[in-house]
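Here the structure comes first, spelled out in structure tokens, and everything after it is commentary.
The values are calculated or read from the model by the stated rules, or taken from the named source; none is laboratory data. Quick caveat: nothing in here was measured; it's all calculated off a predicted structure. Here the Cβ positions follow ideal geometry from the backbone for every residue, glycine too, while neighbour counts run over all protein chains shown. Heads up: the accessible areas ignore ligands, DNA and RNA and are worked out on the full protein's heavy atoms, side chains in. Shrake-Rupley method; radii C 1.70, N 1.55, O 1.52, S 1.80 Å.
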Amino acid sequence: MDPTKPAKVVKDVVDAATDKLTDVLATVPGAPGSAPPTVEEPTTPRDPLPPKREQGAPETRTPTGAETGAPTIANGQQGAYLTTSQGARLRDTDHSLKAGPRGPLLLQDHHLREKITHFDHERIPERVVHARGAGAHGVFTSYGAAEEITKAGFLRKGRKTDVFVRFSTVLGSRGSADTVRDTRGFATKFYTDEGTFDLVANNMPVFFIQDAIKFPDIIHAAKPHPDREIPQAQSAHDTFWDFVSLHTEAQHHTIWNMSDRGIPRSYRMMEGFGVHTFRLVNAAGETALVKFHWKPKLGVHSLTWEETQMLGGIDPDFHRRDLYDAIEAGAFPEWELGLQVFPDTPEETFAGIDLLDPTKIVPEELAPVQPVGKLVLNRTPTNFFAETEQVAFHLGHLPPGIDVTNDPLLQGRLFSYVDTQLTRLGGPNFSQIPINRPHAEVNDMLRDGFHQQAVHAGVAPYRPNSLDGGNPFPAGDEENAFVDVPVTVVEAPKVRASPVSFDDHFSQVRLFWLSMSPVEKEHIIRAYTFELGKCYHQAIKERQLQCLANIDPVLCAQVATGLGLPAPEPTVPLADVAPSPALSQVGRVWPGDGRTVGIVVDPDGDLDDLHHVRRAVFAAGMVPLVIAPHGGLVADLPVQRSFATARSVEFDAILLAGAPAPAPDALPARDAKAGAADAATVDPRVLLLVEEAWRHAKAIGAWGAGHTVLRQTGIVDRPGVVTGTSGTEVFGEVKQVMAAHRTWDRFPASVA
């Protein structure tokens, strides 16, 4: 520091320079287009605007995988003028061709017919499951740690592979809410140069069923009742609990759903699990069994139950908005791909756990997850339908070095995923849709069919042939052909049965329960009580209570109390299991990348710290949103939320820079959140915002007049509430509180 300058002068100089940088780099995400609109309708012809800087698109590969060298925007609209689908320029698209200005429309109007016909057929069948989703492009970089156990080229050290990831809920329709209590899909398409690899994962490591033949049953049970088509995207109804209480192998997945894992804070804060056990083969032909794991950089975090209910109405797009805003803000979501590795023994078990049972986990304390690469999502789709809606995943899309096992759920999925695309995507050529095109050479002898886009040469799509010079030729080990691992199938009778090892339905459910922290147990109790409380039939509640009794007496007793029913005794011995700390979400600290911080300001108050605080939030990799009585500008800064539009559910922390008086629109007739505004000295919507953040265990900070808000809400000197003399000082402490995600010690648990 220059000793001739007072510290404040130096600080002001640094702040001024940083302000200029902030104006360029730190922008609040959410702009809908790549250029700001004009007030007047543009009339000067121009080429289409480029995509936004965070948007990407599939590579411009040919239908058979060849690079074209064309930019990705080549698949978008071309030219400045409106045309038909065949490229004929049009002078008018607002009026149909008529027999006179008041006459009937004419059948010869080719533009009307094309426009309406295409519109009438815009929609394709939505997915039966995982219909509600969001996707993003990215890159996977291998650490090389898996080279000894697999010959898969994309796992060689330093290899970078383009990917597309689709996150989704399972039960709801495309129009349902993001934040419902449900399992989430985490499907990753690796465009490897040895063929596409689809890792079709969930955010839970187990599934409801052990055999694929039960998949229609669990989905029919969990979907809305067929007579009324309600409830949408919920498991809190009779048919779901009827099935899982009778089919007790579903109890393990059910308790994961009832835990905080069922209501994730963000796609960026979800683990991913391949669920099944896969078989890897290396260059020497040696095999190993593995389970795939995605570990998020930001940790595993969840919403509170009240937040999910509020968000269903306030922002049903919360998760996809969070994903896209984070990418736009440069807070690129990251995960590490990890492997649990097991010896490939004839028994296919590890530590007494059947590795082919998809309702079981192997605790990470027994088989550590070994990181083998990093996934970064850095581009949003250019077109949701063309990419996110039309992407087609299949567990049978495997590169050399990765093979399947005899897991009976996995085996059935190998059929189902291809079969479903035939209806959804209009035929067998769905691999030629740009988002699905492989980044490897394709010479498959498959011909014709709906939507065939390749122009096949030659006359002999069969083998052997001489007319096409013998092409295509089979590949061997030297050409890195796919390996169907020659696993010995033990001689056995043909039966409809499961192995005895599949019969244990409760020990791992108990393991999960005992691995939870007290606050997580409270949330599980509340979830079971709420969901079963929504059931109509008493018998179903009693049957599920019996299942809970076989898991843990405390869990059963607490839920029974909430339902007003007696707690039954267990019908099986309680399993003696060791907890797995890796299953708990609580107790560690994590980066705050992409978190949102709401800053409440009073336009008539002291705004000296506002610029400094906003800059500090950006510097921390977070997004500051200014909340004021009105839109427009405050202290030359844009206001992102007004008191009328802001709710605590969209913020990870609240900073109080003032205590604004009730605004002119704080009228119960205009905004129900205003309440009894006439009697308030602080706008009641600010008080509601803070009270909600308090209930949701979020960090709250205040300085200056902001202390008044804390006093009026009665939350002074409480856990996770930070006060100080300056905004930057307060935010520095708030940032540390946010690292733990929530301040759970505000609400002591009643169970151990």
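One line per residue, one yes/no per condition, for (1) touching a Gly at 6+ places or on another chain (Cβ under 9 Å); (2) surrounded by fewer than 24 Cβ atoms within 10 Å (Cβ to Cβ); (3) in contact (Cβ under 8 Å) with a residue 12 or more places away in the chain; (4) under 27 Å from Val617 (Cβ atoms):
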residue	(1), (2), (3), (4)
Ala653	yes, no, yes, yes
Leu656	yes, no, yes, yes
Pro660	yes, no, yes, yes
Ala663	no, yes, yes, yes
Pro668	yes, yes, no, no
Ala672	no, yes, no, no
Thr681	no, yes, yes, no
Arg685	yes, no, yes, yes
Open item on the list: Restricting to the range 123-139, count the residues that are touching a residue at least 24 places away in the same chain (Cβ under 8 Å) and either surrounded by fewer than 18 Cβ atoms within 10 Å (Cβ to Cβ) or part of a loop (DSSP other than H, G, I, E, B) (or both).
Closed with: 10
TODO: Exactly one condition in (1) touching a Ser or Thr at 6+ places or on another chain (Cβ under 8 Å); (2) open to solvent by 30 Å² or more (accessible area, probe 1.4 Å); (3) among the acidic types (Asp, Glu) is not met by Asp606; state its number.
DONE: (1)
Task: Cross-chain or 6+ apart pairs with Cβ under 9 Å, the range 470-489 first and over 16 Å from Leu280 (Cα atoms) and open to solvent by 60 Å² or more (accessible area, probe 1.4 Å), then among the charged types (D, E, K, R) and in a loop (DSSP other than H, G, I, E, B) - done: Phe473/Arg463; Pro474/Arg463
Open item on the list: Could you tell me how many of the residues in the range 150-167 are touching an Asp or Glu at 6+ places or on another chain (Cβ under 8 Å), in contact (Cβ under 8 Å) with a residue 60 or more places away in the chain and open to solvent by 30 Å² or more (accessible area, probe 1.4 Å)?
Closed with: 1
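May I ask you to verify whether Arg156 is more than 18 Å from Leu395 (Cα to Cα) and not aromatic (Phe, Trp, Tyr)?
On the way: more than 18 Å from Leu395 (Cα to Cα): yes; not aromatic (Phe, Trp, Tyr): yes.
Answer is yes for this residue.
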Task: Residues that are under 26 Å from Leu303 (Cβ atoms) and touching a Lys or Arg at 6+ places or on another chain (Cβ under 8 Å), drawn from the range 651-673 - done: Phe651, Asp652, Ala653, Ile654, Asp671, Lys673
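Checking the condition open to solvent by less than 30 Å² (accessible area, probe 1.4 Å), among the aliphatic types (A, V, I, L, M), outside any loop (DSSP other than H, G, I, E, B) and farther than 23 Å from Pro684 by Cα, which residue from Val649, Val597, Val626, Val617 passes? Working first, answer last.
On the way: Val649 fails: farther than 23 Å from Pro684 by Cα; Val597 fails: farther than 23 Å from Pro684 by Cα; Val626 fails: farther than 23 Å from Pro684 by Cα.
After applying the criteria, what remains is Val617.
Among the residues that make up the range 315-325, is at least one of them of a type in the set (Lys, Arg), under 30 Å from Glu542 (Cα atoms) and surrounded by fewer than 22 Cβ atoms within 10 Å (Cβ to Cβ)?
no
Out of curiosity, is Leu563 surrounded by 18 or more Cβ atoms within 10 Å (Cβ to Cβ), more than 31 Å from the chain's Cα centre (by Cα) and either modelled with pLDDT of 95 or more or basic (Lys, Arg) (or both)? It would help to see each step written out before you state the result.
Details: surrounded by 18 or more Cβ atoms within 10 Å (Cβ to Cβ): yes; more than 31 Å from the chain's Cα centre (by Cα): yes; either modelled with pLDDT of 95 or more or basic (Lys, Arg) (or both): yes.
Judged against the criteria, Leu563 is a match.
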Open item on the list: Can you say whether Ala331 is within 17 Å of His276 (Cβ to Cβ) and among the small types (Gly, Ala, Ser), as far as the supplied structure shows?
Closed with: no
Task: One residue from Asp227, Asp211 being of a type in the set (Asp, Glu), over 21 Å from His394 (Cα atoms) and open to solvent by 10 Å² or more (accessible area, probe 1.4 Å) - done: Asp227
TODO: Looking only at the range 714-732, count how many residues are open to solvent by 50 Å² or more (accessible area, probe 1.4 Å), outside any loop (DSSP other than H, G, I, E, B) and farther than 19 Å from Pro660 by Cα.
DONE: 2
- [ ] Please specify each residue of the range 254-292 satisfying the condition of being in a loop (DSSP other than H, G, I, E, B) and either in contact with a Leu (Cβ under 8 Å, 6 or more places away or on another chain) or under 18 Å from Gly396 (Cβ atoms) (or both).
- [x] Ile263, Arg265, Ser266, Gly274, Val275, His276, Thr277
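For Asp665, indicate whether it is modelled with pLDDT under 95, farther than 28 Å from Asp325 by Cα and not in a loop (DSSP other than H, G, I, E, B).
Working: modelled with pLDDT under 95: yes; farther than 28 Å from Asp325 by Cα: yes; not in a loop (DSSP other than H, G, I, E, B): no.
No; evaluated as a whole, the condition is false for this residue.
If we keep just the residues of the range 523-551 that are assigned to a loop (DSSP other than H, G, I, E, B) and surrounded by fewer than 23 Cβ atoms within 10 Å (Cβ to Cβ), which is farthest from the chain's Cα centre (by Cα)?
Initial filter on the range 523-551 (assigned to a loop (DSSP other than H, G, I, E, B)): 534-537, 550-551.
Then drop every residue that is not surrounded by fewer than 23 Cβ atoms within 10 Å (Cβ to Cβ), which leaves 534-537.
Details: Lys534: 27, Cys535: 28, Tyr536: 32, His537: 34 Å.
So, considering only residues that are assigned to a loop (DSSP other than H, G, I, E, B) and surrounded by fewer than 23 Cβ atoms within 10 Å (Cβ to Cβ), the one farthest from the chain's Cα centre (by Cα) is His537.
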Open item on the list: If Leu280 satisfies all but one of (1) without any contact (Cβ under 8 Å) to a residue 60 or more places away in the chain; (2) open to solvent by less than 10 Å² (accessible area, probe 1.4 Å); (3) in contact with a Ser or Thr (Cβ under 8 Å, 6 or more places away or on another chain), what's the number of the condition it fails?
Closed with: (1)
Task: Checklist (1) assigned to a helix (DSSP H, G or I); (2) touching a residue at least 24 places away in the same chain (Cβ under 8 Å) applied to Arg711, failing item - done: (2)
TODO: Collect the residues in the range 430-456 that are in contact with a Gly (Cβ under 8 Å, 6 or more places away or on another chain) and under 15 Å from Thr196 (Cα atoms), keeping them in residue-number order.
DONE: Arg437, Pro438, His439, Ala440, Glu441, Val442
TODO: Pick out the one residue from Ala539, Ala560, Ala497 that is free of Cβ contacts under 8 Å to residues at least 60 places away in the same chain, small (Gly, Ala, Ser) and within 29 Å of Asp407 (Cα to Cα).
DONE: Ala497
- [ ] Kindly establish whether Gly373 is at pLDDT below 95 and either farther than 15 Å from Asp198 by Cβ or open to solvent by 50 Å² or more (accessible area, probe 1.4 Å) (or both).
- [x] no
Open item on the list: From the list Glu365, Glu347, Glu306, Glu336, exactly one residue is assigned to a strand (DSSP E or B) and open to solvent by 50 Å² or more (accessible area, probe 1.4 Å). Which is it?
Closed with: Glu336
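Yes/no per residue for (1) of a type in the set (Val, Ile, Thr); (2) under 15 Å from Val730 (Cβ atoms); (3) out of contact with any Cys (no Cβ under 6 Å at 6 or more places or on another chain):
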site: Ala628; (1), (2), (3): no, no, yes
site: Leu633; (1), (2), (3): no, no, yes
site: Pro638; (1), (2), (3): no, no, yes
site: Ala644; (1), (2), (3): no, no, yes
site: Pro662; (1), (2), (3): no, no, yes
site: Thr681; (1), (2), (3): yes, no, yes
site: Ala699; (1), (2), (3): no, yes, yes
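For the range 733-744, which residues satisfy the criterion of being in a helix (DSSP H, G or I), within 16 Å of Ala693 (Cβ to Cβ) and not hydrophobic (A, V, I, L, M, F, W, C)?
Initially, the range 733-744 is screened for residues in a helix (DSSP H, G or I), giving 733-738, 744.
Of the ones still in play, those that are also within 16 Å of Ala693 (Cβ to Cβ) are 733-735, 737-738, 744.
Answer for the range 733-744, where residues must be in a helix (DSSP H, G or I), within 16 Å of Ala693 (Cβ to Cβ) and not hydrophobic (A, V, I, L, M, F, W, C): Glu733, Lys735.
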Open item on the list: Quick check on the range 436-454. Is at least one of its residues modelled with pLDDT of 95 or more and not in a loop (DSSP other than H, G, I, E, B)?
Closed with: yes
- [ ] Identify the single condition in (1) touching a residue at least 24 places away in the same chain (Cβ under 8 Å); (2) assigned to a loop (DSSP other than H, G, I, E, B); (3) more than 24 Å from Leu410 (Cβ to Cβ) that Arg228 does not satisfy, given that it satisfies every other one.
- [x] (1)
